[in-house]
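Undergrad: Before anything else, here's the structure in question.
The values are calculated or read from the model by the stated rules, or taken from the named source; none is laboratory data. Quick caveat, the model's predicted, so the values are computed rather than measured. Here the Cβ positions follow ideal geometry from the backbone for every residue, glycine too, while neighbour counts run over all protein chains shown.
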Amino acid sequence: MPPFPRPSRAGTAAVTLSAALSIGLGLTAPLSGAHAQTTVPAPASEAKVLPGKIVYAQLTTPDLAKAKAFYGGLLGWTFQDRPVSRGHYSEALVNGHVVAGLVERPLPDTDNPPHPLWLPFFSAPDVATLTKSSRQWGAKVLFRPTMIQGRGEQAIIADPQGALFASLHALHGDQNDTDPTVQGDWIWHSLLTSTPSASAGFYQKLFGYQVEAAPAPDTNQRYILEAQSVARATVNPLPPRLPPNARARWLSFVQVDSVGSAAEKAVQLGGRVLVEPHLDHQNSMIAVLADPAGAAFGVMELHDTDLTGDAK
């Protein structure tokens with residue numbers, strides 16, 4: 001997926017504000033990209049759309065070659081470079097299907113530059129309508145709906161608590177939920193926020209999720225977001241290591257065969273372990289890692305006994 005075109009003046013200010021946060025797992029960076037607007041026809045009506053499913057992720061990084069070496073070595077991703085009008089862009093593939101896009105952008109020249117981030121893409125039947133609704137419910141639109149050649153219509157939004165996400169109406173529809181996942185596939189997404197109940201309500205209105213309370217021993221403010229009778233994500237309180245006024249953020253998890261081995265390999269490849277391997281609330285082994293440039297992501301072992309996305 002080619003990166004986004006430059007934002008509007010208002011969008012630029014919002015992106016700059018988002019980029020100021022770089023603590024803990026708050027990883028943001030300017031998202032302006034190559035001028036990739038096209039006149040691609042609207043997605044075909046018969047293409048299967050699964051509203052609320054997180055179908056893709058995009059990384060903004062200062063060193064594309066280093067990022068490709070890290071994720072290829074860690075997850076087995078292969079890469080296909082794509083031409084763009086400015087900068088460099090590459091698609092990451094698992095067994096021939098695209099799972100992510102990596103776009104190279106320099107970090108701001110400041111004393112405390114922000115870390116890169118992974119941006120999740122949520123499927124939507126109508127990006128323009130969703131964008132308008134998001135504004136009405138307190139969100140900020142950082143990039144207006146834009147048709148991207150070969151991919152579909154997409155936009156970037158900051159939710160009312162500041163968490164960044166993208167909305168996408170894929171040109172060729174969404175991958176079926178019945179397709180098996182393997183190492184390197186995204187399998188879970190978690191929103192960390194100081195207002196879990198309000199945040200769950202926002203995404204429920206925006207994507208039509210069913211929301212289920214999923215209390216844990218340490219909190220009652222934990223929710224599962226479901227769409228098409230499939231759990232898609234959790235909404236969780238900010239972890240204690242972050243200040244209560246920290247900006248909300250999404251954390252996405254990749255399936256791996258062994259979390260322990262992945263954590264060790266990440267360090268060998270120049271990354272870091274932010275949260276050591278441990279069992280989550282449903283006894284799934286998870287860890288939180290950072291790539292060499294500081295972009296955070298989770299790794300998770302998927303077992304037959306796991307709920308497909310319970311509270312992480």
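Undergrad: Criterion first (crowded, with 19+ Cβ neighbours inside 10 Å, at pLDDT below 95, on the phi < 0 side of the Ramachandran plot and among the basic types (Lys, Arg)) does ARG222 satisfy it?
TA: Yes; evaluated as a whole, the condition is true for this residue.
Undergrad: Any residue in the range 72-88 that is under 16 Å from GLN255 (Cβ atoms) sitting within a Cβ distance under 6 Å of a residue that is of a type in the set (Phe, Trp, Tyr) and crowded, with 16+ Cβ neighbours inside 10 Å? List the pairs, counting only those 6 or more apart or interchain.
TA: Once the first residue is under 16 Å from GLN255 (Cβ atoms) and sits in the range 72-88, its partners that are of a type in the set (Phe, Trp, Tyr) and crowded, with 16+ Cβ neighbours inside 10 Å give TRP77/TYR71.
Undergrad: Tell me, please, whether a residue that is within 26 Å of ASP179 (Cα to Cα), over 20 Å from the mean Cα position of the chain (by Cα) and at pLDDT below 95 can be found in the range 51-61.
TA: No, the range 51-61 has no match at all.
Undergrad: Here's something else I'd like to know. Only one residue in LEU251, LEU238 is aliphatic (A, V, I, L, M), under 29 Å from PRO106 (Cα atoms), at pLDDT 95 or above and touching a Leu at 6+ places or on another chain (Cβ under 8 Å). Which one?
TA: LEU251
Undergrad: Working only within the range 108-163, note down all residues that are of a type in the set (Asp, Glu) and over 14 Å from VAL55 (Cβ atoms).
TA: ASP109, ASP111, ASP126, ASP159
Undergrad: Sticking with this structure for a sec: Taking interchain pairs and intrachain pairs at least six residues apart, which have beta carbon atoms under 7 angstrom, with the first residue in the range 145-157 and closer than 16 Å to PRO125 by Cα and outside the structural domain of PHE202 (by TED's automatic domain parsing) and the second modelled with pLDDT under 90 and small (Gly, Ala, Ser)?
TA: ILE148/ALA36
Undergrad: Let me ask something additional. Can you name the residue in the range 228-256 that is among the aliphatic types (A, V, I, L, M), in contact with a Ser or Thr (Cβ under 9 Å, 6 or more places away or on another chain) and outside any loop (DSSP other than H, G, I, E, B) and is also nearest to LYS48 (Cα to Cα) among such residues?
TA: Among them, the one singled out is VAL230.
Undergrad: Looking only at the range 257-280, count how many residues are loosely packed, with under 14 Cβ neighbours inside 10 Å and either touching a Leu at 6+ places or on another chain (Cβ under 9 Å) or outside any loop (DSSP other than H, G, I, E, B) (or both).
TA: Going through the range 257-280 one residue at a time, the tally reaches 7.
Undergrad: Could you look through the range 225-251, keep only residues that are among the polar types (S, T, N, Q) and surrounded by fewer than 21 Cβ atoms within 10 Å (Cβ to Cβ), and pick out the one that is nearest to ASN176 (Cα to Cα)?
TA: GLN228
Undergrad: For the range 91-107, name all the residues that are surrounded by 15 or more Cβ atoms within 10 Å (Cβ to Cβ), at pLDDT below 95 and out of contact with any strand residue (DSSP E or B) (no Cβ under 7 Å at 6 or more places or on another chain).
TA: Result: LEU107, single match.
Undergrad: Quick check, is ALA200 buried (at least 23 other Cβ atoms within 10 Å of the Cβ) and without any contact (Cβ under 8 Å) to a residue 40 or more places away in the chain?
TA: When the stated conditions are applied, ALA200 passes them.
Undergrad: Mind counting the residues in the range 204-224 that are under 24 Å from THR178 (Cα atoms) and not small (Gly, Ala, Ser)?
TA: 8
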